[in-house]
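Undergrad: Okay, handing you the structure first.
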Amino acid sequence: MTGGHGTLGSEVRKLMPEIVAPTSEECNILSIEHIEEQLDMHTPDIFIHSAAFTDVRAAEDNYIECNDVNVAGTINVIKACSKRGIKLVFISTDYVFDGKTGNYDTDAPINPLSSYAKSKGAAELIVRTYPNHLVIRTSFYGHDFPYDMALVDQWSTKDYIDIVAPRVLQQALSDKSGIVHVGSPRRSTYEIAKTRKPTVKKIKMKDLKFPIPQDISLRT
């Protein structure tokens, strides 16, 4: 598993301690030699690729670095898995959709808006050219809501990592291929926030200084 020390990876490793999750220094996905060395050492049946450049705001100014990690890094992973016939599970995002309609099915056309979303959408499309793949679209917070304010007019199927991670792992270890969505029932960001931060204050999208998708809820 790449990204094994990030928010999702750390939670997955709690559930499955035997999973091999090298650090980014041990397995830099920008080096195919690093990836191949790890695969030859551990000979896995499944490769969960969750390492990514995930800072949505920073990606706007650092889109080259974002594309290097999210697109070029993923191509290296595909090459290494393809040589060895390893199933590739790619962790994607609900941000591949533009948020205009919500309730997106797995076969709905993607239309990413931000630099981050475009890089993940590009990586996802490349992964889908590899026959032995599973794309998991999901979205999550850590164990707590990280902000003091939450949008009352943005909707998603996002949830907290301790709820999302077991579902992601279950799908990753299944026999499924293609695309699956992992999430909770559709709620506003404010409703999600209130479940773990009762003091959170309301805010509306018109109050923001940057555009974000309004409804990126997934049909799961």
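The values are calculated or read from the model by the stated rules, or taken from the named source; none is laboratory data. Model, not experiment: these values are computed from the prediction. Every residue, glycine among them, receives a Cβ derived from its backbone with ideal geometry; neighbour counts consider all protein chains shown. Just the protein is used for accessible areas: all its heavy atoms, side chains included, with ligands, DNA and RNA removed. Shrake-Rupley method; radii C 1.70, N 1.55, O 1.52, S 1.80 Å.
Undergrad: For segment 1-94, which whole percent of the accessible surface, found with a 1.4 angstrom probe, sits on carbon and sulfur atoms? Let's see the in-between values first.
TA: Numbers: 2320 of 4640 Å².
Summing carbon and sulfur atoms, their accessible area is 50 percent of the total for segment 1-94.
Undergrad: Using a 10 angstrom cutoff on alpha carbons, build the Gaussian network for the chain and name the most mobile of ILE48, ILE110, ILE136.
TA: Result for the chain, Cα springs under 10 Å: ILE110 fluctuates most.
Undergrad: Can you give the helix-only mean residue ellipticity at 222 nm for the chain, where every DSSP H stretch with n ≥ 4 adds -39500 (n - 2.57) and the sum goes over all residues, rounded to the nearest 500 deg cm²/dmol? Let's see the in-between values first.
TA: Working: 8 runs with 74 residues, N = 220.
Computed ellipticity for the chain at 222 nm equals -9500 deg cm²/dmol.
Undergrad: Near the amide H of TYR160, under 5 Å away, which other amide H atoms are found, from residues 5 or more places off or on another chain, if H is placed in the peptide plane?
TA: For TYR160, the qualifying residues are TYR141.
Undergrad: Residue-wise, which Karplus ³J(HN,Hα) couplings in Hz belong to segment 199-205, taking 6.51 cos²θ - 1.76 cosθ + 1.60, θ = phi - 60°, and x for glycine or proline?
TA: Couplings: 8, 4, 9, 7, 8, 10, 4 Hz.
Undergrad: Of the residues GLY142, GLY102, GLY121, which exhibits the maximal mean-square fluctuation in a Gaussian network model of the chain defined by a 10 Å Cα contact cut-off?
TA: Maximum fluctuation in the GNM of the chain, among the listed residues, is at GLY142.
Undergrad: Please enumerate, by chain and number, the aspartates and glutamates with C-alpha under 14 Å from the C-alpha of LYS202, excluding those fewer than 8 residues away in the same chain.
TA: ASP148, ASP153, GLU191
Undergrad: Spelling out what I want: for every residue of segment 115-130, take phi, set θ = phi - 60°, compute 6.51 cos²θ - 1.76 cosθ + 1.60 (Karplus), and round to whole Hz; glycine and proline get x.
TA: Once θ is set to phi - 60°, the couplings for segment 115-130 become 4, 4, 4, 5, 5, 6, x, 4, 4, 4, 5, 5, 4, 5, 7, 8 Hz.
Undergrad: Hey, with R₀ at 25 Å, roughly what FRET efficiency would ILE19 and THR106 work out to, going by the Cβ-Cβ distance, to 0.05? Please report the intermediate quantities before stating the final value.
TA: On the way: r = 25 Å, r/R0 = 1.01.
That pair, ILE19 with THR106, gives E of 0.50.
Undergrad: What is the percent carbon and sulfur in the accessible area of segment 162-220, measuring with a 1.4 Å probe over the protein chains and ignoring ligands?
TA: On the way: 1770 of 3460 Å².
Reported share for carbon and sulfur atoms: 51 percent.
Undergrad: When DSSP beta bridges are limited to those with both residues in the chain, what percentage is antiparallel, rounded to the nearest 5?
TA: Working: 2 of 24 bridges.
Antiparallel bridges make up about 10 percent of those DSSP assigns within the chain.
Undergrad: Test of understanding: what is the full-extension gain from ASP148 to ASN62, defined as 0.36 nm times their sequence separation minus their Cα-Cα distance?
TA: On the way: separation 86, 0.36 × 86 = 30.96 nm, distance 2.65 nm.
Extra length available between ASP148 and ASN62 comes to 28.3 nm.
Undergrad: Continuing with this model, one more query. Whole angstrom only: what separates the Cα centroid of segment 162-220 from the Cα centroid of segment 22-94?
TA: One Cα centre to the other: 23 Å.
Undergrad: Accessible area per residue for segment 1-154 in Å², computed with a 1.4 Å probe and the full protein assembly in place, what is it? All intermediate terms of the calculation are to be shown ahead of the outcome.
TA: Details: 7330 Å² over 154 residues.
So segment 1-154 comes to 48 Å² accessible per residue, rounded to a whole number.
Undergrad: A further question on this structure: Full-extension gain between ARG196 and ASP175, please, as 0.36 nm times their residue separation minus the C-alpha to C-alpha distance.
TA: Details: separation 21, 0.36 × 21 = 7.56 nm, distance 3.38 nm.
Difference between extended and current length: 4.2 nm.
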